[in-house]
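Worksheet for the structure shown next.
FYI, it's all coordinate maths here, none of it is from the lab. For clarity, every value in this text was computed on a predicted model and none was experimentally measured. Methodologically, a virtual Cβ is constructed for each residue, glycine included, from the backbone with ideal geometry; neighbour enumeration extends over all protein chains shown.
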Amino acid sequence: MTKDYLFEIGTEEMPAHVVSRSVKQLADRTRKFLKENGLKFKDIKTYSTPRRLTILVEDLAEKQKDIDKVKKGPAKKIAQDADGNWTKAAQGFARGQGMTPDDIYFQELKGTEYAYVHVKKEGKKASDILLGMSNIIKAMTFPTKMRWDSNDFEFVRPIHWLVSLFGSDVIPVKILDITAGRKTQGHRFLGDSVVLANADDYEDALKDQFVIADADERKDMIVHQMNDLVKKNNWKIKLDKNLLEEVTNLVEYPTVFAGSFDKKYLKMPKEVLITSMKDNQRYFEVYDQDDNLINHFIAVRNGNKDYLDNVISGNEKVLVARLDDAQFFYDEDRKYPLSHFVDRLQNVSFHDKIGSMADKMKRVRIIGDFLAKHWKLQDQAVKDFDRASELYKFDLVTQMVGEFSELQGVMGMHYARLAGENEEVSVAIKEHYMPATSEGPLPETTVGSLLSVADKLDTIITFFGAGMIPTSSNDPYALRRNAYGIVRILLNQKWSLPFNEALPEMVDLLKGKTPAKLPKAGTQDEEIASFIRDRIKQYLQKNKFKYDIIDAVLASSQQDPIQILAAANVLQLHHDDDKFTPVVESLTRIDNILKKAKFKGQAKVDKSLFENNSENELYAGVENLQDVVDLADLYEGFVQLQPVIDQYFDTNMIMDKDERIRNNRLAQLSNVSELADRLGDLSKLVIK
Amino acid sequence: MAEKKLNIQDMIMKLEKFWSSKGCMIMPSYDVEKGAGTMSPYTFLRAVGPEPWAACYVEPSRRPADGRYGKNPNRLYQHHQFQVVIKPAPEDIQQYYLDSLRVLGIEPLEHDIRFVEDNWENPSMGCAGVGWEVWLDGMEVSQFTYFQVVGELDVKPTMSEITYGIERLASYIQDVNSVFDLVWGNGVLYRDIFKEPEYEHSKYAFEESNQDNLLKLFDLYEATAKRLLSQNLVHPAYDYILKCSHTFNLLDARGAVSVTERAGYLSRIRDLAHQVAVSFVEEREKRGFPLLKNAKNKKAGLEND
């Protein structure tokens with residue numbers, strides 16, 4: 001027999017962002033709990049609102065299976081000693097079955113007597129087991145927990161009631177001084193409390209009390225009502241998924257409404273309006289059919305349509321106050337030239353132990369100029385970069401960014417444009433913060449990409465220099481994300497940068513130009529290079545390269561992300577070819593011999609020492625590959641070369657007694673090995 | 001909206017009457033400058049230790065950096081908070097709060113009232129709490145917090161704090177766009193009382209304050225607070241900590257504090273706040289936590305009835 005089991009935790013309003021994941025946590029923990037206790041069920045359905053986390057276990061078995069079985073144990077001579085006492089083996093056997101040695105009896109099997117027990121246990125009732133749900137509440141985790149009253153117990157918000165119904169029976173789960181019953185609460189303002197007769201009554205009973213307990217249904221209601229409004233007014237909206245999720249979890253009974261504001265505010269940059277609406281008020285911004293932002297907004301009320309006019313006018317008033325504030329900042333900021341703000345950056349700290357923003361900008365210019373030269377960027381791009389580097393942090397001291405910090409960069413771009421800076425410079429100011437999250441969008445322009453890379457490199461160099469190196473668990477300044485951003489931008493722009501060579505050069509250029517402490521040459525720049533390599537690894541993992549390929553390409557002496565990615569691509573592409581295994585085997589054989597011979601001599605090959613044609617052929621083949629740039633071509637070259645290498649091994653004794661010949665052969669092989677290293681340390685590859 | 005619009009002093013009196021009926025003492029505003037009602041000794045000091053406490057009061061809150069010379073319709077050098085603190089927090093505290101809005105003529109069914117997560121932190125006083133900002137038709141009108149830590153001490157039992165932004169709420173109730181148009185009481189407008197002080201305080205905070213003197217004052221106040229703490233003179237020490245805090249806010253408004261120095265000042269204030277919280281509990285303990293006994297006697301008395 002089965003029944004449905006309803007369990008609801010009623011709380012004060014939980015933060016919107018924890019609701020969905022917490023109810024999932026509740027379901028997962030319950031699923032595990034029921035499985036561990038051998039209680040069968042069909043499925044678990046979840047309900048959640050800001051005030052409740054609920055699960056409905058469908059078709060839950062009323063009891064565990066009964067046990068009735070005979071279990072065979074050790075032979076009698078092992079179970080009892082000479083005096084007929086129970087041995088440890090016998091005791092262990094009985095205990096393992098949840099019995100005592102007294103329950104043991106003997107029976108003959110094929111001429112030997114064995115110990116047996118007859119295990120007979122009635123399955124525990126679900127109604128007893130379910131009392132353990134209190135432990136699930138206690139085990140739940142949240143980003144922030146709180147104590148209330150005089151308790152030590154912590155939860156996301158104070159718990160007010162519990163419902164625990166197995167079919168129509170109350171399972172009186174207890175937490176603190178709350179005992180679960182059959183009474184749940186309706187909407188805080190529109191509803192009343194309801195007594196549930198049955199677990200299955202839950203959803204409908206709450207609907208009568210203005211609570212849509214099913215979060216997906218609530219979301220659908222919001223989307224439908226929104227679409228109706230949008231259609232009616234011939235508007236467009238961009239349905240921000242995160243915002244939709246948030247507003248769904250801010251209400252128990254949604255009613256969508258639209259409000260408007262004075263058109264004069266539309267003269268401000270649209271990001272300012274969107275931030276005011278979206279981030280501060282949780283409104284959806286509205287567009288016309290040509291994607292222009294217009295003076296309306298859409299929001300969701302926690303309630304029905306009654307007195308909606310009050311709600312609309314109240315919300316309009318709040319938004320206008322915010323826009324007024326923004327307008328004030330916008331007007332104030334524009335009264336000053338950019339230099340006014342730039343000058344103040346001397347007093348803005350980048351980090352206590354490193355120095356000011358103004359100082360950072362000077363370093364970034366040096367680094368960027370070095371990179372621009374390395375990548376042979378056009379003069380205009382360099383000019384624009386130089387200008388951007390003089391300005392790019394200025395908006396940090398504007399009033400607008402002081403108030404809306406999320407607009408950093410964006411306001412810089414707008415103010416730079418208004419001050420007559422060119423488009424490249426202006427956009428670079430915005431783009432230097434990109435990517436803002438590890439997988440976020442990248443800068444699109446050359447100058448923006450350059451500024452972003454230089455800014456992030458400077459951050460990493462100076463933090464390492466000041467000894468603030470991230471640990472595996474602690475990276476408060478997001479240096480990993482910065483480094484990952486660098487890798488992504490380099491790959492996106494196809495900018496080659498061998499870090500092992502470039503880092504010491506950059507650090508050298510900065511010497512004497514900044515009060516910041518710089519990384520120690522030789523040790524720390526190697527540390528930084530390896531820090532960045534770990535991010536290349538992250539990138540390759542993220543892009544689903546095989547783990548052995550990742551190990552191989554990262555173990556080579558190659559330090560340029562572009563080359564490393566190219567090598568990984570080639571290896572991944574050919575990984576399943578018939579030729580792949582023989583090629584890799586031939587090449588790793590070479591490495592093994594070189595390693596064994598500890599060959600460190602000159603890699604110069606003397607043709608006059610050749611004794612047969614196989615040596616000529618390998619020599620010619622290697623010569624051919626020396627100038628191959630494209631790694632795909634190099635791999636093809638190896639495929640051609642593989643029989644030649646094998647022939648070489650078949651024909652020649654590498655470790656010849658004559659030292660000159662031996663060294664000449666090793667030199668020949670080390671030339672091949674050096675070429676192969678461009679693809680990676682192939683010995684790391686797992687081949688079939 | 002209420003038929004006859006409530007003026008500010010009526011609003012305050014209604015809130016006082018309501019919360020008094022829920023067991024709160026009506027305390028006078030505390031006479032040392034402070035940035036928020038939380039910093040009144042009626043909240044900060046009473047939050048720590050095991051004794052029960054229930055109080056409400058109006059607190060003028062000075063935030064020099066928010067001064068706008070009386071020109072911005074919603075930003076003020078000094079605004080007013082109506083503060084309600086109850087320890088231990090009653091189980092129905094949210095319901096009480098909603099009832100208090102009804103007293104002000106705000107019927108929840110006619111509006112959209114939400115409890116939106118906003119965990120409060122005041123690092124300079126070593127305080128943290130969990131709670132919400134309360135939205136009334138999209139406007140934040142109150143802050144609602146369960147104190148968890150005050151002066152770096154665990155708050156146990158937990159204290160609930162409700163802070164009404166008086167000007168915000170009044171702007172809504174009186175339906176005005178500028179706080180200066182609010183009616184304070186008996187026909188006198190907010191502007192008639194506060195317009196000039198707003199201008200003058202802004203002028204002082206942004207232009208006329210003497211940084212060197214403020215720095216000296218900070219050091220002097222800090223030294224005094226430390227000396228008083230060493231003599232277990234908790235309350236005068238706390239007054240000087242408040243003065244440190246306000247002096248720091250003045251320096252900050254002037255832009256005289258760099259980001260680096262900022263952290264230093266905040267940690268100096270936090271250390272004092274921690275010490276004074278510890279001393280307060282020690283001193284109360286020496287006296288046998290008088291309010292704890294009161295509460296027991298009261299309870300015993302009730303049971304005897």
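What nm distance separates the two modelled labels at residue B:213 and residue A:418, each placed 7 Å from Cα along Cα→Cβ?
3.7
Compute the orientation-averaged projected area for the range A:522-595 from the convex hull of its Cα atoms and round it to one decimal in nm².
5.8
So what's the projected area for the range A:253-378, the Cα convex hull averaged over all directions, in nm²?
The number I arrive at for the range A:253-378 is 13.3 nm².
Across the Cα atoms of the protein assembly as shown, what radius of gyration and what greatest pairwise Cα-Cα distance (Dmax) are found, in Å?
36.6, 118
Using only the alpha carbons, work out the radius of gyration and Dmax of the range B:1-124 in angstrom.
For the range B:1-124, the Cα-based Rg and Dmax read 15.8, 45 Å.
What is the P(r) of the range A:517-647, as percent of Cα-Cα pairs per 5 Å bin from 0?
Distribution as computed: 2, 8, 14, 17, 18, 15, 11, 7, 4, 2, 0, 0 percent.
Which helices, taking whole DSSP H runs in chain A, have alpha carbons extending 18 angstrom or more along the helix axis plus mean Kyte-Doolittle at least 0.0? Mind dumping the intermediate values first?
Numbers: long enough: A:16-36 (31 Å, -0.70); A:215-233 (27 Å, -1.14); A:308-333 (37 Å, -0.32); A:357-374 (25 Å, -0.23); A:379-391 (19 Å, -0.95); A:446-465 (28 Å, 1.04); A:479-493 (21 Å, 0.05); A:524-542 (27 Å, -1.13); A:561-574 (20 Å, 1.05); A:580-597 (26 Å, 0.17); A:613-626 (20 Å, -0.96); A:631-651 (29 Å, 0.09); A:659-677 (26 Å, -0.84).
Span-like helices here: A:446-465, A:479-493, A:561-574, A:580-597, A:631-651.
Of the candidates B:105, B:70, B:288, which one comes out as most mobile in a Gaussian network treatment of chain B with C-alpha springs shorter than 10 Å?
Comparing B:105, B:70, B:288 in the GNM, the peak value goes to B:288.
Where the convex hull is taken over the Cα atoms of the range A:349-452, what is its projected area averaged over directions, in nm²?
Average projection, Cα convex hull of the range A:349-452: 6.9 nm².
Modelled label-to-label distance, residue B:263 and residue A:291, 7 Å Cα→beta-carbon offset: nm?
4.3
Residue A:686 versus residue B:232, label points 7 Å from Cα toward the beta carbon: distance in nm?
7.0
Please give the FRET efficiency for residue A:224 paired with residue A:611, using the beta carbon to beta carbon distance and R0 = 51 Å, rounded to the nearest 0.05.
It comes to 0.05.
Taking trypsin sites (Lys or Arg not before Pro) that fall in a DSSP loop and have at most 10 other Cβ atoms within 10 Å as cut points, what is the longest piece of chain B between them? Can you show the working numbers first?
Working: sites that count: B:4, B:287.
Looking at chain B, B:5-286 is the longest stretch - no exposed trypsin sites (Lys or Arg not before Pro) with at most 10 other Cβ atoms within 10 Å.
Using the Cα atoms as the points, what is the convex hull volume per residue of the range A:620-666 in Å³?
76
Which FRET efficiency, nearest 0.05, do residue A:543 and residue A:477 yield, Cβ-Cβ r, R0 25 Å?
On the way: r = 26 Å, r/R0 = 1.03.
Taking R0 as 25 Å, the efficiency between residue A:543 and residue A:477 is 0.45.
Pulled fully out, how much extra length does the chain show between residue A:585 and residue A:233, if you take 0.36 nm times their separation in residues and subtract their Cα-Cα distance?
Working it through step by step, the gained length comes to 119.8 nm.
Principal axis lengths of the range B:150-305 from Cα atoms, whole Å, largest first?
Sorted from largest, the Cα extents of the range B:150-305 read 56, 43, 24 Å.
If you project the alpha carbons of the range A:407-448 onto the principal axes, what extent comes out on each, in Å, largest first?
Each principal axis gives a Cα extent; for the range A:407-448 these are 32, 22, 9 Å.
Within the range A:63-168, report the GluC sites (Glu not before Pro) that DSSP leaves as loop and that have at most 12 other Cβ atoms within 10 Å.
Within the range A:63-168, the qualifying GluC sites (Glu not before Pro) (loop, at most 12 other Cβ atoms within 10 Å) are A:122.
Note down, for the range B:210-290, the three equivalent ellipsoid semi-axes (square root of 5 times each alpha carbon gyration tensor eigenvalue), biggest first, whole angstrom. Mind dumping the intermediate values first?
On the way: eigenvalues 154, 28, 15 Å².
Calculated on Cα positions only, the semi-axes equal 28, 12, 9 Å.
Could you work out the mean count of beta carbons from other protein chains within 10 Å of each residue's beta carbon in B:126-135?
The mean count of partner-chain Cβ atoms within 10 Å per residue comes to 3.
Which loop-located trypsin sites (Lys or Arg not before Pro) does the range A:456-528 contain, where loop means any DSSP state but H, G, I, E or B and the Cβ has at most 16 other Cβ atoms within 10 Å? Before the final figure, lay out the partial values.
Numbers: sites: A:456, A:480, A:481, A:488, A:494, A:511, A:513, A:517, A:520; in loops: A:494, A:511, A:513, A:517, A:520.
The qualifying sites are A:494, A:511, A:513, A:517, A:520.
As a test of the formula, what do you get for chain B when each DSSP H run with n ≥ 4 contributes -39,500 (n - 2.57) and the sum is divided by the residue count, at 222 nm and rounded to the nearest 500 deg cm²/dmol?
That calculation yields -14500 deg cm²/dmol at 222 nm.
Please find, in a Gaussian network model of chain B (springs between Cα atoms separated by less than 10 Å), the residue of B:263, B:273, B:253 whose mean-square fluctuation is greatest.
B:263
Assuming R0 = 22 Å, can you tell me the calculated FRET efficiency for the pair residue B:292 and residue B:25, based on Cβ-Cβ distance, to the nearest 0.05? Walk me through the intermediate numbers first.
On the way: r = 16 Å, r/R0 = 0.74.
About 0.85, to the nearest 0.05.
Where the Cα atoms of the range B:8-206 are projected onto their three principal axes, how long is each span, largest first, in whole Å?
Sorted largest first, the three principal extents are 44, 41, 29 Å.
Report the full-extension gain for the segment residue A:600 to residue A:562: residue separation times 0.36 nm, less the Cα-Cα distance, to one decimal in nm.
Working: separation 38, 0.36 × 38 = 13.68 nm, distance 2.88 nm.
Full extension from residue A:600 to residue A:562 adds 10.8 nm.
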